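Asks: Please find one structure pasted underneath; my questions will follow.
The values are calculated or read from the model by the stated rules, or taken from the named source; none is laboratory data. In this text the structure is predicted, and so the values were computed from the model without any measurement. Cβ placement follows ideal geometry from the backbone for every residue including glycine, while neighbour counts extend to all protein chains displayed. These area figures cover heavy atoms from the full protein model, side chains too; ligands, DNA and RNA do not enter into them. Shrake-Rupley method; radii C 1.70, N 1.55, O 1.52, S 1.80 Å.
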Amino acid sequence: MIGITSDSTCDLNRFGEERSIGIMPLNVILDSKLYKDGVDIAPADIFAFVEKTKMLPKTSAPAIEDFSEFFSKQLEAADELIHFSISAKASVSHSCAVAAAKEFGGRVRVVDSKALSTGQGLLVLKAADFRDAGMSAAEIEEEINRLRDRVNTSFVPDRLDYLYKGGRCSRMEMYGANILKIHPLIDMQDGQLGVKKKYRGKMTMCIRSYIEDLHKEYTSYDKTRCFVTHSNADPELVTLAKDMVASLFDFREIDETVAGSVITGHCGRNTLGVLFIHD
């Protein structure tokens, strides 16, 4: 039996539980107190902390020993594991998992998703699809490595406050963007995040333009599933995004997920992304 696991940045929520995906939580640190992402902390706690302290929470990867314990427990119900990590260029979670995997004699394969949030989650669910179709662990790993550069991992933040606090933009860029209502399209390429485009106006207008641009750019795509992932975004914004995706694309599933505490802690409330695998 092949087990599929991931660190918590995949943001799969109930979809992970439904497909028997083992989740290794990353750490979130608020005022020197350590919490486990998705276990004993929620995005609402992040918002309250930032509002009170004007500081971002800190995040950290589990230790190698924590991964060893996690893999050992997961292997009690599986012959082999395929573990997915957030992009190696974004966290040491990948290298810690790789180091721990060496203890298990080849029974644990660690995949650098080169993504985060449900960009990573899409690959995790694909691996579960392949597993359920009877593919071997080696075949699944090979196919996932072929697909990972075809994942659209992008999102549009409402404000740049969290990105500024995290050192990802300057104070001038933050003030300018917030005053002029500029919302950057942040896109992941080769495991790194960067600004691909800038939209201007109300968030609803920007999300419309963002999804229209995705439709123009990706004319051929995997129709299995798409995620509309957000950090506690306004309900009308989420509904707009889901309705537009349904009208412009032909996905068999359009699933909504809320970003976990690690991802939320870096992008802030009302950030929204549409993520899928393209051809």
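Asks: Output ³J(HN,Hα) for the range 59-76: one whole-Hz value per residue in order, computed from phi by the Karplus curve 6.51 cos²θ - 1.76 cosθ + 1.60 with θ = phi - 60°, and x for Gly and Pro.
Replies: With coefficients 6.51, -1.76 and 1.60, one gets 10, 8, 7, x, 6, 4, 4, 5, 5, 4, 5, 5, 4, 4, 5, 5, 6, 5 Hz.
Asks: Points 7 angstrom from Cα along the Cβ direction at Lys181 and Val39: gap in nanometres?
Replies: Placing both labels 7 Å beyond Cα along the Cβ direction yields 4.3 nm.
Asks: Which angle from 0 to 90°, rounded to the nearest 10, does the C-alpha axis of helix 171-180 make with the longest principal axis of the chain?
Replies: For 171-180 against the chain, the angle is about 60 degrees.
Asks: Continuing with this model, one more query. Got a number for the accessible area of Leu26? Probe 1.4 Å, square angstrom, nearest 10.
Replies: Leu26 has an accessible surface of roughly 10 Å² with all protein chains in place.
Asks: So what is the 222 nm mean residue ellipticity for the chain from helices alone, if each DSSP H run of at least 4 adds -39500 (n - 2.57) and you divide by all residues, rounding to the nearest 500 deg cm²/dmol? Show your work: numbers first, answer last.
Replies: Details: 11 runs with 114 residues, N = 279.
Calculated mean residue ellipticity at 222 nm is -12000 deg cm²/dmol.
Asks: Here's something else I'd like to know. Compute the accessible area per residue over the range 1-150, keeping the other protein chains in place, probe 1.4 Å, unit Å².
Replies: 45
Asks: If you take the beta carbon distance between Arg19 and His278 as r and set R0 to 22 Å, what does 1/(1 + (r/R0)^6) give as a FRET efficiency, to the nearest 0.05?
Replies: 0.50
Asks: Here's something else I'd like to know. If the cut-off is 12 Å between C-alpha atoms, which aspartates and glutamates fall inside it for Lys196, apart from same-chain ones fewer than 8 positions away?
Replies: Asp187, Asp213
Asks: Determine which residues of the range 1-44 fall in the zone a paramagnetic label at Asp132 would reach in this model, i.e. backbone nitrogen under 12 Å from the point 7 Å along Cα→Cβ.
Replies: 15-21
Asks: In addition: Find, among the GluC sites (Glu not before Pro) in the range 60-92, those assigned to loop by DSSP (not H, G, I, E, B) with at most 12 other beta-carbon atoms within 10 angstrom. Let's see the in-between values first.
Replies: Numbers: sites: Glu65, Glu69, Glu76, Glu80; in loops: Glu76.
Taking the range 60-92 and a limit of 12 other Cβ atoms within 10 Å, the loop GluC sites (Glu not before Pro) found are Glu76.
Asks: Tell me which lysines have Cα within less than 27 Å of Lys198's Cα, excluding those fewer than 8 residues away on the same chain?
Replies: Straight-line reach from Lys198, under 27 Å: Lys54, Lys89, Lys114, Lys165, Lys181, Lys216, Lys242.
Asks: For the range 208-279, take the convex hull of the Cα atoms, compute a quarter of its surface area, and give me that in nm², please.
Replies: Values: hull surface 18.7 nm².
Across all orientations, the range 208-279 yields a mean hull projection of 4.7 nm².
Asks: If you put +1 on each Lys and Arg Cβ and -1 on each Asp and Glu Cβ, how big is the dipole of the chain around its Cα centre, in Debye rounded to 20? All intermediate terms of the calculation are to be shown ahead of the outcome.
Replies: Numbers: 35 positive and 41 negative charges, 247 e Å.
I would put it at about 1180 debye.
Asks: Moving on. For Lys36, go through the lysines and keep the ones whose alpha-carbon is under 16 Å away, minus same-chain ones fewer than eight residues off.
Replies: Partners within reach: Lys58.
Asks: Which value results for Rg/Rh of the range 3-118 when Rg is the Cα radius of gyration and Rh the Kirkwood radius based on the inverse mean 1/r?
Replies: For the range 3-118, the value is 0.99.
Asks: Near the amide H of Thr257, under 5 Å away, which other amide H atoms are found, from residues 5 or more places off or on another chain, if H is placed in the peptide plane?
Replies: Sorted by chain and number, the residues that satisfy this are Val228, Thr229, His230.
Asks: Which trypsin sites (Lys or Arg not before Pro) in the range 227-279 sit in a loop by DSSP (not H, G, I, E or B) and have at most 10 other Cβ atoms within 10 Å of their own Cβ? Numbers along the way, then the final one.
Replies: Numbers: sites: Lys242, Arg252, Arg269; in loops: Arg252, Arg269.
Here the sparse-neighbourhood loop sites are Arg252.
Asks: How much of the DSSP beta bridge set in the chain is antiparallel, as a percent to the nearest 5? Please list the in-between numbers first.
Replies: Details: 25 of 45 bridges.
Taking every DSSP beta bridge within the chain, about 55 percent pair in antiparallel fashion.
Asks: Here's something else I'd like to know. Determine the equivalent ellipsoid of the chain by diagonalising the alpha-carbon gyration tensor, then write out the semi-axes as square roots of 5 times the eigenvalues, largest first, rounded to whole Å. Don't jump to the answer; show the numbers that get you there.
Replies: Details: eigenvalues 183, 109, 44 Å².
Ellipsoid half-lengths, sorted descending, are 30, 23, 15 Å.
Asks: With each pseudo-label sitting 7 Å past Cα toward Cβ, what's the Asp243-Glu212 distance in nm, one decimal?
Replies: For Asp243 paired with Glu212, the spin-label model returns 1.6 nm.
Asks: Can you send over the solvent-accessible area of Lys198, 1.4 Å probe, protein chains only, in Å² to the nearest 10?
Replies: 140
Asks: Can you list the residues, at least 5 places off or on another chain, whose amide H is less than 5 Å from the amide H of Lys198, using H built in the peptide plane?
Replies: Leu185
Asks: Also: Starting from the Cα of Arg150, move 7 Å in the Cα-to-Cβ direction to define the label point; list residues of the range 1-34 whose amide nitrogen is under 12 Å from there.
Replies: none
Asks: Each residue of the range 3-11 in turn: what ³J(HN,Hα) in whole Hz from Karplus with 6.51, -1.76, 1.60 and θ = phi - 60°, glycine and Pro shown as x?
Replies: Values per residue, Gly and Pro as x: x, 10, 9, 7, 6, 5, 6, 6, 6 Hz.
Asks: Counting only protein heavy atoms, what percent of the accessible surface of the chain is carbon or sulfur at a 1.4 Å probe?
Replies: Working: 6440 of 12760 Å².
Carbon and sulfur atoms account for 50 percent of the accessible area of the chain.
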